[in-house]
Amino acid sequence: MTTVSLGMPEVPPPALAERRQSRQIDVGGVPVGGGAPVSVQSMTTTVTADINATLQQIAELTASGCQIVRVAVPSADDAEALPAIAKKSQIPVIADIHFQPKYVFAAIDAGCAAVRVNPGNIKQFDDKVKEIAKAAADAGTPIRIGVNAGSLDKRLLEKYGKATAEALVESALWECSLFEEHGFRDIKISVKHHDPVVMIRAYRQLAQQCDYPLHLGVTEAGPTFQGTIKSATAFGALLAEGIGDTIRVSLSAPPVEEVKVGIAILESLGMRERGLEIVSCPSCGRAQVDVYKLAEEVHAGLDGLPVPLRVAVMGCVVNGPGEAREADLGVASGNGKGQIFVKGEVIKTVPESQIVETLIEQALRIAEESGAELPEELRGLGPTVEVH
């Protein structure tokens, strides 16, 4: 007879694939590539020239877990704001430059952690590569070659007919070669496309043709739901193959939402320690409680918990006990009651009306016992439930 263990797993699951070997660059103290953990980026939506508003949004992004932030620099006023923003930001700032090579020099002089340039959008950019390479090398500033399907060089559009994966890769590697001629290789590359299939093909080709670190992105991914699906699909496929060193989820939504999705993708792939994870059943005819409501209320009550915690919210006795035992904390519900599990053991049975309260109290108890400092909004909700 085969014995099936329902206890907590003793070791973490293995990585999906060995990471692609790439050179490493330093983006304001955040290592990118070379085996460093995959970092999460976003981009401010404020007018960069509004220093206070931009720094406020950067602070919000920092609090949400963002590790690198990009700011748009379309005007001279924006360029003039860069020194103050780069100095006061809590995370590295990348200047996003299109059309005007002179702003690249301004960003380097301002102390930005890196500069993103789009070859297809900078007129006569090739003629400035030698000067940019020298300025960047002298300052120790990495350059991101950022190719987008919507702004591909006209020469390549004529050659390929449209923004194919091959066109994106050729554009990126051509621009890299211009920097390489001047001995500059402190580069990372992105080749973004709105179609995840084209994007995946482009990054796979890049991964085979160079050793530069790669920044993953599905550009113009769309509103939150659609953009999340596209990004999770594309990033999941590539990261599962070991491809990708830093990511940005592009959503038509507040940038903090981009960070949340990016972190969740990495957590789901086991590439980052999980924070709060709610394991809940999709509900079915067997469910005897409102699983949707329970899961949402538990998630809302524990949002911001500073320790990794897997909470199982299950609606029936078929999969419920097994899933609850596998989690740090869980409930298996039925007949208007809930069996509460902590670390695989049943500690009590409570009425349905007390399930959420009990789970929150037990979660906070676990957090406090681990020595974690609870955020202000969770203080005062501490355990009042005694474990017998």
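Scanning segment 163-218 for residues being in a loop (DSSP other than H, G, I, E, B) and among the polar types (S, T, N, Q) gives a total of 1.
Residue pairs whose Cβ atoms lie under 9 Å apart, sitting 6 or more positions apart in sequence or on different chains, and linking a residue in segment 163-189 that is under 20 Å from Leu216 (Cβ atoms) to a partner that is of a type in the set (Ser, Thr, Tyr) and open to solvent by 60 Å² or more (accessible area, probe 1.4 Å), are Glu166/Tyr160; Ala167/Tyr160; Glu170/Tyr160.
Applying the set (1) part of a loop (DSSP other than H, G, I, E, B); (2) open to solvent by less than 30 Å² (accessible area, probe 1.4 Å) to Arg70 leaves exactly one unmet item: (1). Among the residues making up segment 184-220, those that are of a type in the set (Gly, Ala, Ser) and open to solvent by less than 10 Å² (accessible area, probe 1.4 Å) are Ser190, Ala202, Gly217. Of all the listed residues (Phe125, Phe99), the sole one being within 19 Å of Phe184 (Cβ to Cβ), among the aromatic types (Phe, Trp, Tyr) and at pLDDT below 95 is Phe125. A residue that is assigned to a strand (DSSP E or B) and either of a type in the set (Lys, Arg) or modelled with pLDDT of 95 or more (or both) can be found somewhere in segment 82-94.
Of the residues Arg272, Arg248, only one is basic (Lys, Arg), within 13 Å of the chain's Cα centre (by Cα), within 30 Å of Met314 (Cβ to Cβ) and open to solvent by less than 70 Å² (accessible area, probe 1.4 Å); which?
The unique qualifying residue is Arg272.
Taken together, the residues in segment 221-235 that are within 16 Å of Ala202 (Cβ to Cβ) and surrounded by 17 or more Cβ atoms within 10 Å (Cβ to Cβ) amount to 5.
Return the total of residues in segment 196-232 being among the aromatic types (Phe, Trp, Tyr) and within 17 Å of the chain's Cα centre (by Cα). Can you show your working first?
Taking segment 196-232 first, the residues among the aromatic types (Phe, Trp, Tyr) are 203, 212, 225.
Right, trim to within 17 Å of the chain's Cα centre (by Cα) and you get 225.
Total satisfying the criteria: 1.
So, in segment 352-388, of the ones that are over 23 Å from Tyr292 (Cα atoms) and modelled with pLDDT of 80 or more, which residue ends up most open to solvent (accessible area, probe 1.4 Å)? Within segment 352-388, the match that is most open to solvent (accessible area, probe 1.4 Å) is Glu369. The numbered conditions (1) in a helix (DSSP H, G or I); (2) within 21 Å of the chain's Cα centre (by Cα); (3) surrounded by fewer than 21 Cβ atoms within 10 Å (Cβ to Cβ); (4) not charged (D, E, K, R) are all true for Phe105 except (2).
The values are calculated or read from the model by the stated rules, or taken from the named source; none is laboratory data. Here the structure is a predicted model, which means the values were calculated and not measured. Using ideal geometry, Cβ is built from the backbone for each residue, glycine included, and neighbour counts are taken over all protein chains shown. For accessibility, only protein heavy atoms count, side chains too; no ligands or nucleic acids. Shrake-Rupley method; radii C 1.70, N 1.55, O 1.52, S 1.80 Å.
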